[in-house]
Amino acid sequence: MSSSTTPLPSGSTTAGPAAPHRKLSLRRGVLALSQYTGFAPAMVLFGLFFAAPMALIVAYSFWTQDGYQVVAHWTFANYREVFNTPVYVHTFLVTLWMTAAATALTLAVAFPFSYWLARYVSRRWRRPLLFLVILPFWVSYLLRVTAWTIILGNNGALSRLLGVVGLSTPSWLLYDRPAVIFVLVYLYFPFAALTLFAALERFDWRQLHAAMDLGATQIQAVRRVMLPQIKPGITTAVIFVFIPILGEYLTPELVGGTRGVMIGNLIDNFFQEAQYAIGAAISILIAVVVIVLLVIFRRSLEVGEMYGR
């Protein structure tokens, strides 16, 4: 029993019909990648100035400090030293409550201002007022903090004003934690005000009037109708204020002195003394706190968006 076979033409393959599909898939892949080429410069900058230094800090936090040198010997000794040293733990806890207090006060001042600006001020005057809010950014950060050290000093403007009215200058007016919190509120007020104003500007004020027409007081209408809908804006304002304050070191150093030290000052001292391993360990702990807070804030943001819809 014999069977005849027909030879295939030269250059042809049995998978001939699949070749056009592979070429089409390749073209689609190239087209999809070309849509993201605009992100390439940002990714390069992100990798060079954030990812790579962060990876180095993580490695240093697990390496061994030998004098002024860091040896690539992996250990948890740096983290044990942080948690077993009461001064470090105390400074970290003080930093957390100072950051929380400064954030709460900043939002407490920024919310009424943004509410008034979005609801009662005409569009004609909003831009000039917003311009005044961002005007401090035209001045150097260092110059603004230094100016407050002069204002709050013993012979400063505030001290002289208290003397005119017959009051003595409080000891905590400068080089103490209240002074640090006060200056931080001043520095980060624009971030909270602009973020809250952006959220309140999109709010439909007719809903507030409708709730009040149905018998709710103004405070109840704000709490039950407005706040759930602008919760994403409030969460964003907290992120913009809390996280930068958590890493502050210049304001506590200039305004707080020895009694207003925050964890950023501790890290700065370690790096200035070439104690890179322990400084890196504390830096990673702050980064962990920031990541945990971002996860919590993200959940709150999602809940707020669902509630608003």
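Per residue, how much accessible surface does the range 193-309 expose to a 1.4 Å probe? Answer in Å², no decimals.
Heavy-atom SASA per residue in the range 193-309 reads 51 Å².
Cα centroids of the range 220-234 and the range 144-205: 27 Å apart.
Measuring nothing but protein heavy atoms, the accessible surface of the range 230-279 at 1.4 Å probe radius is 59 percent carbon and sulfur.
For the range 123-264, taking the reciprocal of the average inverse distance between every pair of different Cα atoms yields a Kirkwood hydrodynamic radius of 17.8 Å. So, counting K/R as plus one and D/E as minus one, what does the shell of residues with Cβ under 15 Å around residue 268 add up to? After counting each charged neighbour, the total is -3.
The values are calculated or read from the model by the stated rules, or taken from the named source; none is laboratory data. Every value quoted in this text rests on a predicted model; they were computed, and no experiment measured them. When we count neighbours, we look across all protein chains shown, and the Cβ atoms used for this are built from the backbone with ideal geometry, even at glycine. To get the accessible areas, we keep the full protein, side chains included, count just its heavy atoms, and leave off ligands, DNA and RNA. Shrake-Rupley method; radii C 1.70, N 1.55, O 1.52, S 1.80 Å.
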